[in-house]
1. Counting just the residues of the range 37-47 that are touching a residue at least 40 places away in the same chain (Cβ under 8 Å) and either surrounded by 17 or more Cβ atoms within 10 Å (Cβ to Cβ) or small (Gly, Ala, Ser) (or both), which one comes out nearest to MET75 (Cα to Cα)?
2. Let me confirm something: among ASP82, ASP93, ASP76, ASP128, which residue is more than 16 Å from LEU25 (Cβ to Cβ), open to solvent by 20 Å² or more (accessible area, probe 1.4 Å) and touching a strand residue (DSSP E or B) at 6+ places or on another chain (Cβ under 8 Å)?
3. Looking at SER61, is it open to solvent by less than 40 Å² (accessible area, probe 1.4 Å) and under 21 Å from VAL125 (Cβ atoms)?
4. Which of the residues spanning the range 46-58 are assigned to a strand (DSSP E or B) and not hydrophobic (A, V, I, L, M, F, W, C)?
5. Among the numbered criteria (1) outside any strand (DSSP E or B); (2) touching a residue at least 60 places away in the same chain (Cβ under 8 Å), which single criterion is violated by SER61?
6. If we keep just the residues of the range 64-73 that are β-branched (Val, Ile, Thr) and either over 17 Å from PRO116 (Cα atoms) or out of contact with any helix residue (DSSP H, G or I) (no Cβ under 8 Å at 6 or more places or on another chain) (or both), which is surrounded by the most Cβ atoms within 10 Å (Cβ to Cβ)?
7. Which one of LEU90, LEU74 is under 20 Å from ALA141 (Cβ atoms) and not β-branched (Val, Ile, Thr)?
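The values are calculated or read from the model by the stated rules, or taken from the named source; none is laboratory data. The shown structure was predicted, so the numbers you read here are calculated from the model rather than taken from an experiment. Virtual Cβ from ideal backbone geometry, glycine too; neighbours counted across all protein chains shown. Areas reflect the complete protein model, heavy atoms only, side chains present, ligands, DNA and RNA absent. Shrake-Rupley method; radii C 1.70, N 1.55, O 1.52, S 1.80 Å.
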Amino acid sequence: MTTTATTDAEGSGAHPRFAEALRELGLGDLVNEVRRFPDATRTAAEAAAAIGCELSQICKSLIFAVDSVPVLVLMDGASRVDLELVRKELGADKVTRAKVDVVRETTGYAIGGVPPFGHRTRTRVLADRSLLEHEVVWAAAGTPYAVFPMAPLDLVAHAGGTLVDVRERPA
């Protein structure tokens with residue numbers, strides 16, 4: 001599936017709902033910084049290759065079911081989320097990857113294009129500290145074809161995130 005100018009916000013490549021969220025947050029100028037790609041960048045590796053940045057500069061927006069409640073985890077593209085650390089951080093009994101329909105229902109976006117904010121419903125947000133290792137990170141702009149740059153602390157603040165350490169560590 002490809003996006004067209006009629007579905008892109010002002011031709012930028014950003015999903016219209018996400019572009020509206022940027023405007024509501026006073027970040028309307030950021031719409032002009034959205035980069036659109038002809039091919040989908042559904043994975044962090046594809047996005048990093050398209051942008052020409054390090055894999056760890058990609059901010060993945062991942063939805064997990066924490067005791068059946070959706071929680072957003074923002075993670076650098078080179079790392080994986082440690083579900084046990086998320087469970088301990090939130091004092092939960094069970095943490096699993098959210099099903100595709102739950103991701104769409106919660107965020108309003110498809111997997112591979114979920115931005116860090118501008119979601120359909122408000123969720124708890126955990127942001128891994130690994131994101132702070134860069135001056136700028138790149139996150140999805142609501143479609144698998146578009147990304148936007150932002151300073152990590154600003155991104156976490158706009159997402160309403162709590163900084164945590166939830167990435168898997170090498171054994």
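1. Among residues in the range 37-47 that are touching a residue at least 40 places away in the same chain (Cβ under 8 Å) and either surrounded by 17 or more Cβ atoms within 10 Å (Cβ to Cβ) or small (Gly, Ala, Ser) (or both), the one nearest to MET75 (Cα to Cα) is ALA47.
2. Numbers: ASP93 fails: touching a strand residue (DSSP E or B) at 6+ places or on another chain (Cβ under 8 Å); ASP76 fails: open to solvent by 20 Å² or more (accessible area, probe 1.4 Å); ASP128 fails: open to solvent by 20 Å² or more (accessible area, probe 1.4 Å).
Only one candidate passes the filter, namely ASP82.
3. Working: open to solvent by less than 40 Å² (accessible area, probe 1.4 Å): yes; under 21 Å from VAL125 (Cβ atoms): yes.
Considered against the rule, which asks whether it is open to solvent by less than 40 Å² (accessible area, probe 1.4 Å) and under 21 Å from VAL125 (Cβ atoms), SER61 comes out as yes.
4. Looking only at the range 46-58, we keep the residues that are assigned to a strand (DSSP E or B), and these are 58.
Correct list: empty.
5. Answer for SER61: the failing condition is (1).
6. Taking the range 64-73 first, the residues β-branched (Val, Ile, Thr) are 66, 69, 71, 73.
Imposing the further condition that a residue be either over 17 Å from PRO116 (Cα atoms) or out of contact with any helix residue (DSSP H, G or I) (no Cβ under 8 Å at 6 or more places or on another chain) (or both) reduces the set to 66, 69.
Details: VAL66: 24, VAL69: 13.
Going through the qualifying residues, I end up with VAL66.
7. Numbers: LEU90 fails: under 20 Å from ALA141 (Cβ atoms).
Going through LEU90, LEU74 in turn, the sole match is LEU74.
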